[in-house]
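One structure coming up, written as structure tokens, with questions to follow.
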Amino acid sequence: MRPLKTLKSLYDEESHITYQEKGSPPRLMFYGEDFWVEDLPVGTRIISARPPLEGVPNLKAAIRYAINHPEGMEPLHALLSPGMKVTVALDDISLPLPPMKTPDIRQSVLEIVLELLADSGVDDVHLVIANALHRRMTEAEMKRMVGQKIWDSFYPDRYYNHDAEDPDGIVEMERTSEGEVVAINRRAAESDLLIYVNINLVPMDGGHKSVGTGLTNYESLRAHHNPKTIHDSASYMEPSKSKLHASTTRIGRVIDQNLKVFHIETTINNRMFEEPVGFLMKKEEDYTELDRMKLAATKFSLSKLPRALKRKMFFNIYAPYEVTGVFAGATEPTHQKTLEMSWKQYAVPVQGQSDIVIFGMPYVSPYNVNSILNPLLVHVMALGYLYNLNRGIPLVKKGGVIIFTHPCYDEFDPEHHAPYIEFFNRCLTETRDSHKLSHKYEREFAKNPSYVHLYRKGHAYHGAHPFYMWYWGENGRHHVGKVIAAGAENNHVPQIMGWDRTDTLAEAIEEAKGFMGRSASVSFVRIPPILQCDVKL
């Protein structure tokens with residue numbers, strides 16, 4: 001039984017914490033490119049996101065104010081002089097999720113910054129997408145991100161994707177105090193000023209992680225994208241408790257000592273959906289009759305469509321985010337302002353852990369925009385991102401159970417995820433031990449000439465990337481006692497991943513209670529929209 005006093009105080013102060021009672025409505029959750037509507041056991045704790053914060057009243061004014069009143073640096077205009085060499089780096093398509101309606105915030109920032117550069121006599125300007133080992137963005141994606149005018153002026157010679165495998169395109173600086181390689185894009189390193197334009201979707205983004213991760217190469221990423229560093233990171237979303245962030249901070253400080261870097265960081269609210277799927281932003285208790293009709297119609301339509309068409313439909317739904325803050329200047333003081341605003345939107349106070357935690361698995365992750373959520377990406381969402389959406393301690397108890405809803409289809413996009421196919425079918429069938437995978441296979445994949453070629457000339461993720469997707473779930477795998485894929489359409493994928501499977505959510509909950517005990521506590525995290533659990537014992 002839940003403590004009534006705790007329930008009352010939470011309910012009174014934070015309306016995003018409720019409990020499933022008799023007569024409570026069933027809960028909506030993503031099931032890949034479909035929706036499930038499920039009754040949950042009485043007493044299930046329902047954790048919902050905070051309402052969207054209000055956006056800034058005048059975005060252009062907010063951008064101009066930030067670059068004219070930066071944190072720890074002179075105003076941007078004071079850093080400029082005629083004939084300078086300037087590089088502007090941009091976050092790639094992995095942010096935000098879902099992709100935002102146009103104009104993209106990157107376009108809005110660029111329009112003001114590029115005008116200022118031109119007025120200051122700066123005409124040697126390149127725009128570089130900080131995609132690290134992510135896939136190169138396509139021409140259509142690049143054009144959509146910056147708008148037609150900027151595209152026409154800069155593409156292709158002065159607007160392009162970073163190439164982490166270009167032997168002449170990377171510069172190494174001195175190593176950190178811990179011996180970490182510091183390597184970044186040559187154009188950025190040889191510029192008089194590097195401007196980084198960031199979208200901060202969650203507190204893990206931005207800060208030193210922007211330049212030192214987005215514009216680097218495989219040798220530098222190995223310093224923190226490895227099983228030990230990931231395992232030693234108590235919270236991905238709380239930089240002070242993350243060994244990964246400690247490493248990127250050491251690397252970033254070396255970069256800042258060698259380059260003049262001016263950050264422009266933006267925060268957005270969690271307004272991820274609008275009509276005709278605006279019901280996704282509401283709690284089920286708040287549905288109108290029209291919302292219920294729209295949900296029923298959407299479910300019926302999805303049931304009649306082939307999976308590829310459903311996928312395409314969802315990726316044509318763009319989010320009506322609003323910008324809640326714009327901050328600029330030196331890396332660390334700027335990012336501190338960003339973190340404060342990000343936590344203000346996402347942090348949900350939660351009292352106590354649960355034995356069983358349920359997540360609906362959406363169709364999109366940072367690594368499958370306009371593509372397939374393949375088995376490795378289902379894994380990184382469940383045990384990498386959803387498990388780690390916390391500050392403090394995990395929502396699920398040590399040895400507890402995570403249940404997620406997804407078909408777990410055995411499908412991969414050969415254009416975007418070529419190395420994933422071999423990793424899944426060859427490596428994971430031999431071992432799920434991250435350290436063994438790292439020592440035996442990672443460098444082989446990273447240096448595979450075919451994978452390097454597909455990364456550089458096609459639109460494939462780097463050969464090392466599937467390993468990172470596995471490492472990212474290291475803490476989740478070691479923490480939980482069982483993972484259950486509810487609704488998995490095959491036995492093959494869950495078996496390789498080390499998960500149990502059930503046909504229905506009810507069966508998954510029954511199995512989880514058999515594992516944890518009949519009185520096991522249950523929490524359901526309603527995502528979307530995004531939230532972050534601040535769990536206190």
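Quick one: which of Gly207, Gly212, Gly169 is on the phi > 0 side of the Ramachandran plot and at pLDDT 95 or above? Explain how you work it out, then say what you get.
Values: Gly212 fails: on the phi > 0 side of the Ramachandran plot; Gly169 fails: on the phi > 0 side of the Ramachandran plot.
Residue meeting the stated conditions: Gly207.
Yes or no: Leu133 among the aliphatic types (A, V, I, L, M), surrounded by 19 or more Cβ atoms within 10 Å (Cβ to Cβ) and farther than 30 Å from Tyr468 by Cα? Before you say what the answer is, go through the steps one by one.
Numbers: among the aliphatic types (A, V, I, L, M): yes; surrounded by 19 or more Cβ atoms within 10 Å (Cβ to Cβ): yes; farther than 30 Å from Tyr468 by Cα: no.
In short, no.
I'm checking my understanding of the structure. Among residues of the stretch 84-107 that are more than 20 Å from the chain's Cα centre (by Cα) and touching a residue at least 60 places away in the same chain (Cβ under 8 Å), which one is farthest from Val146 (Cα to Cα)?
This residue is Met84.
When you scan the stretch 120-173, how many residues do you find that are more than 27 Å from Ala418 (Cα to Cα), of a type in the set (Gly, Ala, Ser) and in contact with a Gly (Cβ under 8 Å, 6 or more places away or on another chain)?
The total comes to 1.
Tell me, yes or no, whether the stretch 443-459 has at least one residue that is within 24 Å of Asp232 (Cβ to Cβ), among the hydroxyl-bearing types (Ser, Thr, Tyr) and crowded, with 20+ Cβ neighbours inside 10 Å. Show your work before the answer.
Of the residues in the stretch 443-459, the ones within 24 Å of Asp232 (Cβ to Cβ) are 443, 445-446.
From the residues that got through so far, the ones that are among the hydroxyl-bearing types (Ser, Thr, Tyr) too are none.
No, the stretch 443-459 contains no residue that is within 24 Å of Asp232 (Cβ to Cβ), among the hydroxyl-bearing types (Ser, Thr, Tyr) and crowded, with 20+ Cβ neighbours inside 10 Å.
Here is a yes/no grid of residues against (1) under 19 Å from the mean Cα position of the chain (by Cα); (2) in a helix (DSSP H, G or I); (3) in contact (Cβ under 8 Å) with a residue 12 or more places away in the chain:
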site	(1), (2), (3)
Leu110	no, yes, yes
Glu115	no, yes, no
His126	no, no, yes
His134	yes, no, yes
Asp152	no, yes, no
Asp166	no, no, yes
Glu174	no, no, yes
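Would you check which residues across the stretch 299-313 are surrounded by fewer than 17 Cβ atoms within 10 Å (Cβ to Cβ) and within 26 Å of the chain's Cα centre (by Cα) and list them? Before you say what the answer is, go through the steps one by one.
Narrowing the stretch 299-313 to residues surrounded by fewer than 17 Cβ atoms within 10 Å (Cβ to Cβ): 299-301, 303-309, 312-313.
Matches in the stretch 299-313: Arg307, Ala308, Leu309, Lys312, Met313.
Step by step: first the residues of the stretch 161-173, then only those that are among the hydrophobic types (A, V, I, L, M, F, W, C) and surrounded by fewer than 19 Cβ atoms within 10 Å (Cβ to Cβ), then the one that is farthest from Val88 (Cα to Cα). Which residue is that? First the steps, then the outcome.
Residues of the stretch 161-173 that are among the hydrophobic types (A, V, I, L, M, F, W, C), as a first pass: 164, 170-171, 173.
Cutting the leftovers down to surrounded by fewer than 19 Cβ atoms within 10 Å (Cβ to Cβ) gives us 171, 173.
Details: Val171: 17, Met173: 20 Å.
Among residues in the stretch 161-173 that are among the hydrophobic types (A, V, I, L, M, F, W, C) and surrounded by fewer than 19 Cβ atoms within 10 Å (Cβ to Cβ), the one farthest from Val88 (Cα to Cα) is Met173.
Something else: Here is a check on your reading of the model: is Leu259 farther than 10 Å from His208 by Cβ, at pLDDT 95 or above and assigned by TED's automatic domain parsing to the domain that holds Tyr65? Even if it seems obvious, please write down each step before you answer.
On the way: farther than 10 Å from His208 by Cβ: yes; at pLDDT 95 or above: yes; assigned by TED's automatic domain parsing to the domain that holds Tyr65: yes.
Considered against the rule, which asks whether it is farther than 10 Å from His208 by Cβ, at pLDDT 95 or above and assigned by TED's automatic domain parsing to the domain that holds Tyr65, Leu259 comes out as yes.
Would you confirm whether any residue within the stretch 318-337 is under 26 Å from the mean Cα position of the chain (by Cα) and of a type in the set (Lys, Arg)? Step through it out loud before you land on a result.
Residues of the stretch 318-337 under 26 Å from the mean Cα position of the chain (by Cα): 318-337.
Filter again for of a type in the set (Lys, Arg), leaving 337.
Checked against the condition, which is being under 26 Å from the mean Cα position of the chain (by Cα) and of a type in the set (Lys, Arg), the stretch 318-337 yields at least one hit.
Additional query: Filter the stretch 177-212 for residues that are assigned to a helix (DSSP H, G or I) and touching a helix residue (DSSP H, G or I) at 6+ places or on another chain (Cβ under 9 Å) and give the result. Before the answer, list the steps.
Of the residues in the stretch 177-212, the ones assigned to a helix (DSSP H, G or I) are 186-189, 208-212.
Hits for the stretch 177-212 are Ala188, Ala189, His208, Lys209, Ser210, Val211, Gly212.
Let me ask another. Would you pick out the residues in the stretch 16-74 that are loosely packed, with under 14 Cβ neighbours inside 10 Å and among the basic types (Lys, Arg)?
Answer for the stretch 16-74, where residues must be loosely packed, with under 14 Cβ neighbours inside 10 Å and among the basic types (Lys, Arg): Lys22, Lys60.
For the stretch 244-254, give me each residue that is surrounded by fewer than 24 Cβ atoms within 10 Å (Cβ to Cβ), among the aliphatic types (A, V, I, L, M) and more than 16 Å from the chain's Cα centre (by Cα).
Ala246, Val254 - these are the residues of the stretch 244-254 that are surrounded by fewer than 24 Cβ atoms within 10 Å (Cβ to Cβ), among the aliphatic types (A, V, I, L, M) and more than 16 Å from the chain's Cα centre (by Cα).
Residue by residue, here is whether (1) aliphatic (A, V, I, L, M); (2) modelled with pLDDT of 95 or more holds:
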{"site": "Met73", "(1), (2)": "yes, yes"}
{"site": "Leu95", "(1), (2)": "yes, no"}
{"site": "Pro99", "(1), (2)": "no, yes"}
{"site": "Ile105", "(1), (2)": "yes, yes"}
{"site": "Gly121", "(1), (2)": "no, yes"}
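What about Thr504, is it farther than 25 Å from Leu133 by Cα and in the same structural domain as Leu389 (by TED's automatic domain parsing)?
On the way: farther than 25 Å from Leu133 by Cα: yes; in the same structural domain as Leu389 (by TED's automatic domain parsing): yes.
For Thr504, the condition - farther than 25 Å from Leu133 by Cα and in the same structural domain as Leu389 (by TED's automatic domain parsing) - is met.
When only residues in the stretch 265-298 that are under 24 Å from the mean Cα position of the chain (by Cα) and among the aliphatic types (A, V, I, L, M) count, which is surrounded by the fewest Cβ atoms within 10 Å (Cβ to Cβ)? Spell out the reasoning first.
We begin by selecting, within the stretch 265-298, every residue under 24 Å from the mean Cα position of the chain (by Cα); these are 265-275, 277-283.
If we keep only those that are among the aliphatic types (A, V, I, L, M) as well, we get 268, 272, 277, 280-281.
Values: Ile268: 25, Met272: 26, Val277: 15, Leu280: 20, Met281: 19.
Only one residue tops the list, namely Val277.
Follow-up. Out of (1) among the hydrophobic types (A, V, I, L, M, F, W, C); (2) touching a residue at least 40 places away in the same chain (Cβ under 8 Å); (3) in a helix (DSSP H, G or I), the odd one out for Phe327 is which?
The single condition Phe327 does not satisfy is (3).
Within the stretch 499-519, is even one residue surrounded by fewer than 23 Cβ atoms within 10 Å (Cβ to Cβ), within 23 Å of Pro407 (Cβ to Cβ) and without any contact (Cβ under 8 Å) to a residue 12 or more places away in the chain?
Among the residues of the stretch 499-519, at least one is surrounded by fewer than 23 Cβ atoms within 10 Å (Cβ to Cβ), within 23 Å of Pro407 (Cβ to Cβ) and without any contact (Cβ under 8 Å) to a residue 12 or more places away in the chain, which makes the answer yes.
How many of the residues in the stretch 29-66 are touching a strand residue (DSSP E or B) at 6+ places or on another chain (Cβ under 8 Å), more than 28 Å from Leu373 (Cβ to Cβ) and not in a loop (DSSP other than H, G, I, E, B)?
Result for the stretch 29-66: 5.
Quick check, is Thr176 within 21 Å of Ser94 (Cα to Cα) and assigned by TED's automatic domain parsing to the domain that holds Leu244?
Details: within 21 Å of Ser94 (Cα to Cα): no; assigned by TED's automatic domain parsing to the domain that holds Leu244: yes.
Here the answer is no, as Thr176 does not meet what is asked.
Considering only the stretch 136-148, state which residues are closer than 27 Å to Tyr218 by Cα, hydrophobic (A, V, I, L, M, F, W, C) and in a helix (DSSP H, G or I).
Ala140, Met142, Met145
Criterion first (surrounded by fewer than 16 Cβ atoms within 10 Å (Cβ to Cβ), among the aliphatic types (A, V, I, L, M) and at pLDDT 95 or above) does Ala189 satisfy it? Full working, then the answer.
Working: surrounded by fewer than 16 Cβ atoms within 10 Å (Cβ to Cβ): no; among the aliphatic types (A, V, I, L, M): yes; at pLDDT 95 or above: yes.
The answer is no for Ala189.
The values are calculated or read from the model by the stated rules, or taken from the named source; none is laboratory data. All values reported here derive from a predicted model rather than from experimental measurement. Cβ coordinates were reconstructed from backbone atoms using ideal geometry, including for glycine residues, and neighbour counts include every protein chain displayed.
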